[in-house]
Amino acid sequence: MLHSTLPFVALALPLLLPGAPAGSAQEAPPPGMVLIEGGNTKVGTEFKDLTKMLEDNPQLVANAGGFLAEVPQHTVKVDDCYVMVTEVTNEQYRAYVEATKSRPPFLWGKDAIDVARNEFLQADAERRRKAKEEGRDPGERQVFDEAEWWTRNWKDAEWEMPKDLATKPVVYVDYQDARGYAEWAGLRLMTEEEYERACRGNTERLYPWGDEFKAGAQAATNEIAGVSDVYVVGSFAEGADPEGVMDLAGNVWEWTSSKYEAYPGWRHKKFSIGKGDRKKEIDTPPAWSPDRRVVRGGSMQNSRFYARCTTRGGFDRFQQASALGFRCAATAKQGFDFAVAKENAIPNHIRPQSDDGPVEYDPNQVIALDRWMTSETNCKVPGYAVIQSYDYILFTPTKELPITGMADITKGSRNDEVFHLGFLATSRDIVEPALPAGTYLVALRGAGAAGKGKAAEQPAGQEGEEPGQEGGDAGAKDDSGLHLRDLVPLDEHVENFIFFDMTGAPVAAVPLSGSEYVNPMASSLAIVERELVIPAEKKGDDPTIVKQKWLDLTLFGKGKSRKGVKTTLSLRFADGLLEGDWR
């Protein structure tokens, strides 16, 4: 039986990663994104096609090992997803930096870096002068590393996003930076399969627009004369995919969440290039590493061959570069991505555990409300948006409750056992129950007084029972000396929702009107209006009626049989919060 007998509220369990859902698209996509319909997608390149590419373009042989990462070509089922219409720009990233106080890209600290460089060079010149005066070898001139200095000193330096960078892709962001922005914005990074789906759809085209490449017309590559910097997003309208996604090829490499590992069925092969006496074998396997992440799309520093839909690169997660950025994606099922992110953030030592093993959560069954706030922009790309904040309220249920009926929950109350229904996550404070924004494990405690051993099981009126008590020694302590009621106000005569915070401590108990053991049903949520009647202070005056909006979460927790527990959790937020553009 799943339990949390105090003081051991929850036990450790390993991190569990859910599989991807097959949900359908929502009517309203996240801002700045378009729907990419899923389907069976050809991923990768045939070995013979790579061989011909290297034969026709000998300058590519030096990267033969990198190209070999594209084989074997195989088919992957990709679910519906949303994808950003552009790479994340500097003005989009600035909103994240300002909100979270995260590290700005070092290009934003130019003035502070210039000052630091001058001081560094002056100090080095002085060092060399003194060495020469003293007859010592001054050694090599020291080199000032701008990016390294910024990484160490940005917290104490002033910065400002240059206006001319506003709608250019943000660069010099590592994998952690990109993932941090995505989660803050209520999104996530693309997988490389989603990238390839956006590029190719149901086809095997080489580029997002087709098989032909017109230099300078469809993508920012080094084939444009004089190119030295990244372009404003959307500069190459001819290079959009059929859904209007821009710059999937060229401009900057894009981080994905995929590990740099071999495709299923990969076998090492040697390229044989040339004929006769000029034939040579190339044996350079990819530098696989699960610590690296796949980057896609090529950049303005590379040729068209790196801008193909199938090109894979493997970059270290802490790598920053002048032509390395990212774009975001979102799962079509509302709330799924944040459910996964919040589950992964639950500390292992407070995760509940049952007699059958660790509790598993099911993000495919998440119920959620969310919304974004955006700001004005001068960017003209259709669908582009600057996210300023993301609000969410979501509940993710456990996959299964270890019960076969309501009697199991009632019996559990004798030992202060609780049955974990799932976790609640919200970006906004809850007024009733009074809980700050955060993530909470939510459990169900049955009606009944907690007792100790046989004393708790004595029928009413037997020896050891105090007058007025029901069901035995309700005041008995367990071996820890504490009951749940000692840690949080609790009416043991009724069923209660118990909230546990991220330290594992119970922080609130909410009575519920009753639970049922019912046939399978979908969990749901609804905003409802209730009237609160406040009695008049003076005799003869009318009572005051206050209208309040509540969020009702109708929850279904599957039991060991086909049926499960149906409950309703009601939450009240600040007045006006539940109004507006919630999905």
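The values are calculated or read from the model by the stated rules, or taken from the named source; none is laboratory data. It should be emphasised that the depicted structure is a prediction, and the values quoted were computed from it without experimental measurement. Heads up, the Cβs are rebuilt from the backbone with ideal geometry, glycines too, and the neighbour counts pull from every protein chain shown.
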Report task. Looking only at the stretch 28-49, decide whether some residue is surrounded by fewer than 20 Cβ atoms within 10 Å (Cβ to Cβ) and at pLDDT below 95. Result -> yes
Query raised in the report: How many of the residues making up the stretch 421-452 are touching a Lys or Arg at 6+ places or on another chain (Cβ under 9 Å) and either in a strand (DSSP E or B) or of a type in the set (A, V, I, L, M) (or both)?
Result: 10
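Can you find even one residue in the stretch 194-206 that is out of contact with any Pro (no Cβ under 7 Å at 6 or more places or on another chain), of a type in the set (Gly, Ala, Ser) and within 15 Å of residue 324 (Cβ to Cβ)? Break it down into steps so the answer makes sense when it comes.
Within the stretch 194-206, the first condition is being out of contact with any Pro (no Cβ under 7 Å at 6 or more places or on another chain), and the residues that meet it are 194-198, 200, 202-206.
Then keep just the ones that are of a type in the set (Gly, Ala, Ser); that gives 198.
The next check asks that each one be within 15 Å of residue 324 (Cβ to Cβ); those that pass are none.
The answer is no, given that none of the residues of the stretch 194-206 is out of contact with any Pro (no Cβ under 7 Å at 6 or more places or on another chain), of a type in the set (Gly, Ala, Ser) and within 15 Å of residue 324 (Cβ to Cβ).
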Query raised in the report: Taking the stretch 302-358 as the search range and keeping residues that are surrounded by 23 or more Cβ atoms within 10 Å (Cβ to Cβ), assigned to a loop (DSSP other than H, G, I, E, B) and hydrophobic (A, V, I, L, M, F, W, C), which one is nearest to the chain's Cα centre (by Cα)?
Result: 309
Requested in this report: Could you tell me whether the stretch 346-360 includes any residue that is among the basic types (Lys, Arg) and outside the structural domain of residue 505 (by TED's automatic domain parsing)?
Outcome: no
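Could you tell me whether residue 72 is surrounded by fewer than 16 Cβ atoms within 10 Å (Cβ to Cβ) and either part of a loop (DSSP other than H, G, I, E, B) or in contact with an Asp or Glu (Cβ under 7 Å, 6 or more places away or on another chain) (or both)?
Numbers: surrounded by fewer than 16 Cβ atoms within 10 Å (Cβ to Cβ): no; either part of a loop (DSSP other than H, G, I, E, B) or in contact with an Asp or Glu (Cβ under 7 Å, 6 or more places away or on another chain) (or both): yes.
No, not satisfied.
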**Report entry** Selection from the stretch 506-519 of residues that are out of contact with any Asp or Glu (no Cβ under 7 Å at 6 or more places or on another chain) and either at pLDDT 95 or above or not in a loop (DSSP other than H, G, I, E, B) (or both)
**Finding:** 506, 508, 509, 510, 516, 517, 518, 519
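Here's the yes/no breakdown for (1) touching a strand residue (DSSP E or B) at 6+ places or on another chain (Cβ under 7 Å); (2) touching a residue at least 60 places away in the same chain (Cβ under 8 Å); (3) not assigned by TED's automatic domain parsing to the domain that holds residue 255:
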site: 277; (1), (2), (3): no, no, no
site: 280; (1), (2), (3): yes, no, no
site: 285; (1), (2), (3): no, yes, no
site: 296; (1), (2), (3): yes, yes, no
site: 305; (1), (2), (3): no, yes, no
site: 313; (1), (2), (3): yes, yes, no
site: 322; (1), (2), (3): no, yes, no
site: 327; (1), (2), (3): yes, yes, no
site: 343; (1), (2), (3): yes, yes, yes
Report summary line: Looking across the stretch 544-583 at residues that are assigned to a loop (DSSP other than H, G, I, E, B), touching a residue at least 12 places away in the same chain (Cβ under 8 Å) and over 25 Å from the mean Cα position of the chain (by Cα), the single one that is surrounded by the most Cβ atoms within 10 Å (Cβ to Cβ) is 559
Query raised in the report: Do any strands (runs of 3 or more DSSP E) lying entirely in the stretch 244-298 carry at least 3 residues that are buried (at least 23 other Cβ atoms within 10 Å of the Cβ) and at pLDDT 95 or above, and which ones are they?
Result: 253-260, 289-296
Requested in this report: For the stretch 224-238, state whether one or more residues are more than 24 Å from the chain's Cα centre (by Cα) and assigned to a helix (DSSP H, G or I).
Outcome: yes
Report task. Hey, can you tell me all the residues within the stretch 132-160 that are exposed (fewer than 14 other Cβ atoms within 10 Å of the Cβ) and of a type in the set (Val, Ile, Thr)? Result -> 143
Requested in this report: Go through the stretch 359-405 and give me each residue that's under 30 Å from residue 445 (Cα atoms), under 21 Å from the mean Cα position of the chain (by Cα) and hydroxyl-bearing (Ser, Thr, Tyr).
Outcome: 361, 392, 396, 398
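Report, by residue number, each residue of the stretch 434-452 that is among the β-branched types (Val, Ile, Thr) and touching a helix residue (DSSP H, G or I) at 6+ places or on another chain (Cβ under 9 Å). Talk me through it step by step, then tell me what you get.
Of the stretch 434-452, the ones among the β-branched types (Val, Ile, Thr) are 439, 442.
Across the stretch 434-452, the qualifying residue is only 439.
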